[in-house]
Amino acid sequence: MTSRLPRDLHPVAWWVWAIGMATAASLTTNPFVLLLLVAAATVVVVARRSDQPWARSFRLYVAMAVVIVVVRVVFRLLFGGGYAGTVVLDLPAVPLPHWVAGVTLLGPITRESLLAGLYDGLRLGALVVCVGAANSLANPKRLLRSVPPALYEIGTALVVAVTVLPQFADSARRVRAAQSLRAGETGRVAGLRRFLVPVLEDALERSLALAAGMDARGYGRSAGLTPARRRLTGALMLTGLGGICVGVYAVLDRTAPRYLALPMLALGAAAAVVGLLSAGRRVERSRYRPDSWRRPELAVAGSGILTGVLGWWVARHQLPLAFPDLSTFPQVSAVSLLGVLVAVAGGLCAPPPPTPYAVVRPLPEQVVA
């Protein structure tokens, strides 16, 4: 019963859920599956977002996704599709000089070319929406409290990175309200300049002020570190990074020796983990009311992982459905629908967000003179 009380879900659970949906979206170009994933993220955000400033940034991500889709289709119109098929728009071709690799502007536009641009844009837009859902649902300040101690030294940069866009949404709301109270230029160009410049300046200043406040309080600072310990930690981190790079390259390149693949990748990951643990031991921090993992967190994170696994299974075993042919009507499999339903059900398993206390004002007839 207590799990359904209004409270903030662990931010890492929201990010795991969103990354699982983004994984499923990256493994398909089926427009119906991508639109269903976007709809699932929208439903969960509307049902479980709070009244905090970062929760208002979701519409910015949706607008960014729409712009990505439009730009992707426009690029297909400008640079030609390169797909043979049914011509829907016969434009004159404009060949460019040879020093631009023989690129031709415009030319015949086929239906398959437009669909290819639309599918690619939808996939990238779905990824942006999934990230925006996590950024709108997860408290960025509480997310930083869950960062491993070894990464606290870059906490200032992380604060600026994760709070600029949420602060941008809050700044846009406040600047729009302030400008509605005063007269000024109303033209499109002048109005956009009067609106955009203060919004960007205010959002960046507030993020930098938060980062400066954390830096002034010793966020991520450590004392008593010997030079030998610092060299050991740096060597472990560099060894881990090099091992991971070599291992990933060997896994992707089938011609590389096999002992440079998984063994080197495992060795690099182990060295990186040891380096992170070594760097984290010298960071002393205290937590007030630390975030705990309960059944809703496990349900939300598990649904995201299961959605990603189902998306991988469809891309592996149902290739024509995951990447439909441009000349046929896309079909949706039951496994893809199951992944979307799991994502929605898992997101709705989260408890409702807490709401601020309402101030009860007495009615005029109840006021005693």
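Somewhere in region 75-85, is a residue part of a helix (DSSP H, G or I), modelled with pLDDT of 75 or more, surrounded by fewer than 18 Cβ atoms within 10 Å (Cβ to Cβ) and in contact with a helix residue (DSSP H, G or I) (Cβ under 7 Å, 6 or more places away or on another chain)? So far as region 75-85 goes, yes, one or more of its residues are part of a helix (DSSP H, G or I), modelled with pLDDT of 75 or more, surrounded by fewer than 18 Cβ atoms within 10 Å (Cβ to Cβ) and in contact with a helix residue (DSSP H, G or I) (Cβ under 7 Å, 6 or more places away or on another chain). Output yes when any residue across region 88-98 is in contact with a helix residue (DSSP H, G or I) (Cβ under 6 Å, 6 or more places away or on another chain) and modelled with pLDDT under 75, and no when none is. Yes, region 88-98 contains at least one residue that is in contact with a helix residue (DSSP H, G or I) (Cβ under 6 Å, 6 or more places away or on another chain) and modelled with pLDDT under 75.
Under the condition of being assigned to a helix (DSSP H, G or I) and either among the β-branched types (Val, Ile, Thr) or loosely packed, with under 15 Cβ neighbours inside 10 Å (or both), the residues counted in region 39-63 number 10. Hey, can you tell me all the residues within region 245-294 that are modelled with pLDDT under 70 and not in a helix (DSSP H, G or I)? Of everything in region 245-294, those that are modelled with pLDDT under 70 and not in a helix (DSSP H, G or I) turn out to be 254, 281, 282, 283, 284, 285, 286, 287, 288, 289, 290, 291. In the set 213, 242, only one residue is closer than 27 Å to residue 16 by Cα, modelled with pLDDT of 65 or more and outside any loop (DSSP other than H, G, I, E, B); that residue is 242.
The values are calculated or read from the model by the stated rules, or taken from the named source; none is laboratory data. Please read all numbers here as calculations on a predicted model, not as lab measurements. Positions of Cβ are generated from backbone atoms using ideal geometry, with glycine treated the same way; all protein chains shown enter the neighbour counts.
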